[in-house]
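What follows is calculated from the coordinates using simple rules that are stated; it is not laboratory data. None of the values given here were measured: they were computed from a predicted structure. Here the Cβ positions follow ideal geometry from the backbone for every residue, glycine too, while neighbour counts run over all protein chains shown.
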Amino acid sequence: MTEEVQPAESPWSEESTPPTGSPYVTFGLLSVSLLVYVMQFGMVSVALEDLIDDLAAPFRWSGWVLTAFMIGQVVALSVSGRLADRFSPRNVFGVGFGVFAMASLLCAVAPNIYVLIAARFVQGLGGGSLVPSGMAMVAEAFSENRARAVGLYSSLVPFGAVIGPTVGGVLVDLAGWRWTFLINVPLGVLVMAAVFTVLPRGIRKPPQPIDAVGVFLLAGAVTALIFLLTELGRTTPGPSARLIFASLALSVIFWVLFALQERRVQTPALDLALLARRDILASNVTAFVVGMAWIGVFSMVPLYVQEVYDMSASAAGALMAPRAAAMVGFSMLAALLLNRTGYHRPVVLGLVGMAVALMLLALGARDPGVGPVSVSSFWWLMLVLFVAGVARGITNPSLNNAGMDVLPDRIASIAGLRATFQSFGGTVGISMIVLLGARGSDLATGMQLGFLAGGALLLAATLLVRVMPDLPRGE
């Protein structure tokens, strides 16, 4: 009797389909989408002066245009990976980009700064879901060369930071600040149509619990703190003591509840237990300070040079591009030399380099020179920002990897905690320099004080480096 041959069990569930079509088409579509999203932050930073003037917005609220986007990002990054497992990466990516495009339209037509801030938060929610879900699809499409493909996809993030300010500056000068958002709308429609018709649905994995309560508490704690700093920047009339104490109390309550929540749940949004180790805590506090300077203070440089040096938006954008390019190049070089340098030396060198750059910016020098030789303000500022990019690049691999060697089984948790601390530092840094700008005798003086404060904090952070985990050199 012949035994009936049973068909091999398919590795794909009924609710999923195997990857089909060209993996290169998948990579190309995902890359263009990610690039559009990453460019947005740089484009908006050079559009701040124009949108503040056009909307007649109080300066103290201008920082929210950047921080609301970052808070939305943090929320989305905390949950989108698990949502991709549950509903498939393609669905999360497509819906996320659709939300990003819809919010971009709302930003473009915003009648006032407050509608713009709300739309920016939603834009961050949509955009923040693209990185985890996109990486999952790239990894699935290139199963045999997964590491190389994911690494190439990840490299688009700093590349977008290079061209975003330049493109944004040109758009602002030619068409106005609203076009830095409006340009995303037709691209969003095309991307959504392509995602749901070209890309494979992918694999749905067993659902993982999502710490939605923890994410809400984290977002609430950060938002209340940023509002506190915003209220302190009010000048006419002065700050409301009731609002200050209420927002402070609310932020403290949210932080306490967040800490309790993360200790209670089995799969927390952030593994705060890692902070019990002094070396991991030192690494994350350093990341917070770096985030304050790099994401926060330096993000306000385009506004500073437009106000103080009377530069156009396109010139301000051109100044920022070499900074990002230097960061990318020197990050790669520093990563190759890690086994020789260890972690401590590059971090100290980078912190000092960024501090020096901020302090040079605080001088407000115009056409500086020695004797008969002088250099124009534009090239001087480009040199200072290039130095900052070199310094940040040198710091990047060491700071990202510190702690992963001593806790190799907790790499994902360490990376998530480090990125959150850095993003939180960025939101505080933006709010800090906006506060000082609003409270200063004039905008230029207040922002220069912010540059000095940022530089001082970077120098103080060098004291934490010796507590951080190090990589023995020569291994």
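Listing for the model above:
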{"quantity": "The range 250-321 - charge dipole about Cα centre, Lys and Arg +1 at Cβ, Asp and Glu -1, debye rounded to 20", "calculated": "400 debye"}
{"quantity": "The chain, relative contact order in percent, only Cα pairs under 8 angstrom and at least six apart counted", "calculated": "21 percent"}
{"quantity": "Shape of the range 183-296, Cα gyration tensor, a/c cut at 1.5", "calculated": "oblate"}
{"quantity": "Test item: Cα-centred dipole of the chain, Lys/Arg +1 and Asp/Glu -1 on Cβ, debye", "calculated": "800 debye"}
{"quantity": "log10 of Debye I(q)/I(0), alpha-carbon scatterers only, for the chain at 0.07, 0.09, 0.13 Å⁻¹", "calculated": "-0.37, -0.61, -1.31"}
{"quantity": "Charge context of Val172, other residues only, Cβ under 14 angstrom, K/R +1, D/E -1", "calculated": "-4"}
{"quantity": "Cα gyration tensor, the range 345-427 - rounded (a/c under 1.5), prolate or oblate", "calculated": "prolate"}
{"quantity": "Shape of the range 211-266, Cα gyration tensor, a/c cut at 1.5", "calculated": "prolate"}
{"quantity": "Contact order relative to length of the range 383-456, as percent, for alpha carbon pairs under 8 angstrom and 6 or more apart", "calculated": "16 percent"}
{"quantity": "Percentage of interatomic Cα-Cα distances in the range 271-475 larger than 28 Å", "calculated": "28 percent"}
{"quantity": "Equivalent ellipsoid semi-axes, the range 365-475, via Cα gyration tensor eigenvalues times 5, rooted, Å", "calculated": "34, 20, 11"}
{"quantity": "Cα convex hull of the range 60-187, projected area averaged across orientations, nm²", "calculated": "8.4 nm²"}
{"quantity": "Mean-position separation - Cα centroids, the range 244-270 and the range 328-396, in angstrom", "calculated": "37 Å"}
